[in-house]
1. Just to be sure I understand, how many residues within segment 196-220 are farther than 27 Å from L288 by Cα and within 12 Å of the ligand (Cβ to nearest atom)?
2. Suppose we filter segment 282-300 for residues that are within 16 Å of the ligand (Cβ to nearest atom) and free of Cβ contacts under 8 Å to residues at least 40 places away in the same chain; how many remain?
3. State all residues of segment 202-212 that are under 16 Å from the mean Cα position of the chain (by Cα) and either of a type in the set (D, E, K, R) or assigned to a helix (DSSP H, G or I) (or both); if no residue qualifies, say none.
4. From I215, I238, which residue is within 20 Å of the chain's Cα centre (by Cα) and at pLDDT 95 or above?
5. Starting from segment 46-70, take each residue that is touching a residue at least 60 places away in the same chain (Cβ under 8 Å) and over 22 Å from P124 (Cα atoms) and list its partners that are more than 12 Å from the ligand (Cβ to nearest atom) and in a helix (DSSP H, G or I), counting only C-beta distances under 8 angstrom and pairs at least six apart or across chains.
6. Please work out which residue is surrounded by the most Cβ atoms within 10 Å (Cβ to Cβ), limiting yourself to segment 230-258 and to residues that are within 16 Å of the ligand (Cβ to nearest atom) and farther than 21 Å from Q67 by Cβ.
7. Take segment 201-250 and flag every residue that is among the basic types (K, R), more than 24 Å from L91 (Cα to Cα) and touching a residue at least 12 places away in the same chain (Cβ under 8 Å).
8. Given the conditions (1) of a type in the set (S, T, N, Q); (2) crowded, with 21+ Cβ neighbours inside 10 Å; (3) farther than 15 Å from H59 by Cβ, report the number of the one that T294 does not fulfil.
Amino acid sequence: MFLPVRTCSFVRLIVDFAALLNTFLILIICLDQQAAAMSEKPTAYEGRNLLGFQFYLKHSEEHKVIQGFVDRVLPGVFKRIAQGKSQMDILGVGSGGGEIDAHILSVIGSELPAISLSADIVEPSMELSDNFKALVRRTPSLQKIPISWHTVTCEGFEKQVKDNGNVKRFDLIHMIQMLYYVKDYPRMIQFFHSLLKDNSKLLIVHEGAGSGWDILWKTYRAELCTKTVSDYMSAGDIKVHLNQLGLRYEEHLISSTMDITACFTKGDEMGELLLDFMTEQDHFYQSLTPDLQTGILDLLRNKCSTEKNGRILFDNSLCCLLVYS
Ligand code: HSM
């Protein structure tokens, strides 16, 4: 079909204008997301604290015990979730470097090879998200899974979902060792629970009631809850809120200890890094008064740990709460 020259240039003008408008809108959305990310407060995993966290992960058995728990208990759970489905959508909240996400995805992939997977990852730390992306690049089985990255806090993610209007729902949502850093955690649990499809699960892994962390952070709540943790709670406190919200859950204990002997040798670099991470201080001996240092070290040794063959073993037990949709 031939159009008159004048009509043709008018159509081209409209098309060019639409393309320009589109570019402009994309630019505004990007700037808005960047501004939102910049206005959020620093994450728990930055600077020396990130260094301490990475050392803690290497030194403790945290990942090993959680992965063991995934292998022992979760395959049956995944199979029940997958019943009658051809696709499972997974949401990782506060996924860090993605070590546990990768493990969960690979267990689901090998237990349920016929199921297609998608993953959404909410992690505010740029550095940890980059580590997760590098892990994906090194892991062929992960490269087959479409992953959407959300480099925001969970409050930021809630805002995005509410602003967008089109809500994606999930078959499995996990919040592993992250609720400490959330201000209004009962509301966050309620929000993420509302994103579950029918016959799905919200998996929460958190420090156990009565664990070393629980004792340390509740005894010194006023002194320690001043940075990224605004009010410490253990899995015991989360259970109280789940009950109040009327949510049904199963509970699994994951016991574990961590050797903190080095924390009691002043001048031991690794001991101090661990102590900094455990108390969320930049430098334990420079930031806290001598009385506070003595009190915390005494509590760590005598109330939070046991002694075995001359080693001081901190109670690093975790609890897994599997919340029903
Ligand atoms: N009290 C939180 C420390 C921690 N964060 C362990 C992740 N793992």
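1. Going through segment 196-220 one residue at a time, the tally reaches 1.
2. Selection size over segment 282-300: 1.
3. E207 - this is the single residue of segment 202-212 that is under 16 Å from the mean Cα position of the chain (by Cα) and either of a type in the set (D, E, K, R) or assigned to a helix (DSSP H, G or I) (or both).
4. Of the residues listed, the single one that is within 20 Å of the chain's Cα centre (by Cα) and at pLDDT 95 or above is I238.
5. From residues that are touching a residue at least 60 places away in the same chain (Cβ under 8 Å) and over 22 Å from P124 (Cα atoms), the pairs are H59/M270.
6. For segment 230-258, the residue satisfying everything is I238.
7. K218, K227, listed by residue number.
8. Result: T294 fails condition (2) only.
The values are calculated or read from the model by the stated rules, or taken from the named source; none is laboratory data. As the structure is a prediction and not an experimental result, all values here were calculated from the model. Note that each Cβ is placed from the backbone with ideal geometry, even for glycine, and that neighbours are counted across all protein chains shown.
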